[in-house]
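Computed from the coordinates by the stated procedures, all read-outs in this text should not be read as laboratory data. Predicted model, so just to flag it, every value in this text is computed and none were measured. No Cβ is skipped: glycine too gets one built from the backbone with ideal geometry, and neighbour counts run over all protein chains shown.
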Amino acid sequence: MAIADDLKKTLTDPTPLYFAAGTADLAVQQAKKVPELIEQLRAEAPARIEAVKNTDPKAVQDAVTAKVAEVFGAIDPKKLGETAQDLALRGVGVAAEYAVRAKETYDKVAVHGEQAVRTWRGEVSEEIVDIAVVVEPEPEPVTAPEADAKPAAAAAPAPRKAATRKTPAKKAPVTADDAS
């Protein structure tokens, strides 16, 4: 039954939908920044192009070759097995850390999406009402002294009969034969 319960919970959980709404809302926010970034790139483009034109390809190739030779020269075949094992263990730790971060980010985006959906629906004002209800104390019940208590039948006025309203009868339309 645990699998069935998990499936029911998964199917009724709105979090993935809120995550999608949050992602869409964040994407819209970032898209609004695009025109500003395009203008910035347009302003920087000539200087970057000029820097690439002035770069000597031979010097870049020599620098990369030297760096690659340095890295391969630093590798010790005897320690390679130990290093690989250490890297694998570190990789597992890093993967676990990233999984935790991913879950936290997922939850944050889902909360953002829930707020965005409420804003889109105009439900933000309902939260204010809910807060006001929590803040306001409950009214104290008013009790009457027992000596002045009257029987319920005597205290309550007699119920009124509902007035029945007569609807006027509809008149038949006047025809040419009736007019003469």
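Sorted by average packing, counted as other Cβ atoms within 10 angstrom per residue and highest first, what order do 20-30, 57-67 take?
Descending packing order for the listed peptides: 20-30, 57-67.
Please compute one quarter of the surface area of the Cα convex hull for the range 15-95 and express it in square nanometres.
Numbers: hull surface 42.5 nm².
Average projection, Cα convex hull of the range 15-95: 10.6 nm².
What are the ³J(HN,Hα) couplings of the range 103-115, residue after residue, when phi is run through the Karplus curve with 6.51, -1.76, 1.60 and θ = phi - 60°? Round to Hz, x for glycine and proline.
The phi angles translate into 5, 4, 5, 4, 5, 4, 5, 5, 5, 4, x, 5, 5 Hz.
What shape does the range 1-62 have by the C-alpha gyration tensor, where a ≥ b ≥ c are the square roots of the eigenvalues, rounded means a/c under 1.5, and otherwise prolate means a/b greater than b/c and oblate the rest?
oblate
Which loop chymotrypsin sites (Phe, Trp or Tyr not before Pro) in the range 44-107, with loop taken from DSSP, have no more than 12 other Cβ atoms within 10 angstrom of their Cβ?
none
Output ³J(HN,Hα) for the range 34-50: one whole-Hz value per residue in order, computed from phi by the Karplus curve 6.51 cos²θ - 1.76 cosθ + 1.60 with θ = phi - 60°, and x for Gly and Pro.
Result, rounded to whole Hz: 4, x, 5, 5, 5, 4, 5, 5, 4, 6, 8, 4, x, 5, 5, 5, 5.
Which ³J(HN,Hα) values, rounded to whole Hz and listed in residue order, are derived for the range 67-81 from phi using the Karplus coefficients 6.51, -1.76 and 1.60 in 6.51 cos²θ - 1.76 cosθ + 1.60 with θ = phi - 60°, glycine and proline given as x?
For the range 67-81, the Karplus curve yields 5, 5, 5, 5, 5, 5, x, 7, 7, 9, x, 5, 8, 4, x Hz.
Please report the net charge: other residues with Cβ closer than 15 Å to the Cβ of THR55, K and R +1, D and E -1.
Here the count lands on 0.
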